[in-house]
Amino acid sequence: MIAFRNDYVSLVFEDYNIVQSVSVLDNVILALLNRNMPYKEAKKEAIEALTKCGLKDKLKTKACKLSGGEKQRVVIARAIALNSRVLAFDEPTGNLDSKTSKEIIKLIDEIKKII
């Protein structure tokens, strides 16, 4: 069951579940390395996913320096990079202001077209 979840399901939590002390890029790369993806490929996939989520200019920024909306985008980028068949969202806009919430909902709608 754990292998199935790890290979086919990505979870996007309300409280982000990211490593605050590392960069945005490293947060996404770590998830890919956990799936035994080679580092070079993981970095390429992570950059592509973060770019799709509007975070290309934040790749080297530590997660603790991001706004709530940016952290949520990191988590969504991680889910995109993992290329899971199922994306499960737990209140993805619960901690966000209304403007950022609308941006995240728009991003989720765009992801539906990608997957």
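A few remarks follow.
- Ligands, DNA and RNA left out, the 1.4 Å accessible surface of the chain is 53% carbon and sulfur atoms.
- A DSSP coil position with no more than 15 other Cβ atoms inside 10 Å describes the following chymotrypsin sites (Phe, Trp or Tyr not before Pro) in region 7-115: PHE13.
- The chain, helix-only ellipticity at 222 nm - DSSP H runs n ≥ 4, -39,500 (n - 2.57), divided by all residues, nearest 500: -17500 deg cm²/dmol
- The relative contact order of the chain, computed from alpha carbon pairs under 8 Å that lie at least 6 residues apart in sequence, is 38 percent.
- Gain on full stretching of the segment that runs from VAL22 to LYS113 - 0.36 nm per residue minus C-alpha separation: 29.8 nm
- Pairs exceeding a 20 Å alpha-carbon distance, out of LYS52/LYS113; LYS52/LYS102; LYS43/LYS113; LYS60/LYS106: LYS43/LYS113; LYS60/LYS106.
- Directionally averaged projected area (region 15-60, Cα convex hull): 3.3 nm².
- Simple spin-label estimate for LYS40 and LYS102 in nanometres, 7 Å along Cα-Cβ: 4.5 nm
- Exposed loop sites are taken as trypsin sites (Lys or Arg not before Pro) in a DSSP loop (any state but H, G, I, E or B) with at most 10 other beta carbon atoms within 10 Å; the longest stretch of the chain without one runs 1-59.
- Distance in nm between pseudo-label sites at ARG5 and GLU91 (7 Å out along the Cβ direction from Cα): 2.0 nm
- Solvent-accessible surface of region 1-47, taken per residue with a 1.4 Å probe and all protein chains present: 62 Å².
- Debye-formula intensities of the chain, expressed as log10 I(q)/I(0) at q = 0.23 Å⁻¹, are -1.43 (one equal scatterer per alpha-carbon, no solvent).
- The 3J(HN,Hα) values that the Karplus relation (6.51, -1.76, 1.60; θ = phi - 60°) gives for region 92-106 are, in residue order, x, 10, x, 9, 10, 6, 5, 5, 5, 4, 5, 5, 5, 4, 4 Hz. Gly and Pro appear as x.
- Cα-based equivalent ellipsoid, region 46-101: semi-axes from gyration tensor eigenvalues, Å: 17, 17, 9
The values are calculated or read from the model by the stated rules, or taken from the named source; none is laboratory data. The model shown is predicted, which means the values in this text are computed figures rather than measured ones. For neighbour counting, all protein chains shown are included, and Cβ atoms are generated from backbone atoms with ideal geometry for every residue, glycine included. We work out accessible area using only protein heavy atoms, side chains counted, and drop any ligands, DNA or RNA first. Shrake-Rupley method; radii C 1.70, N 1.55, O 1.52, S 1.80 Å.
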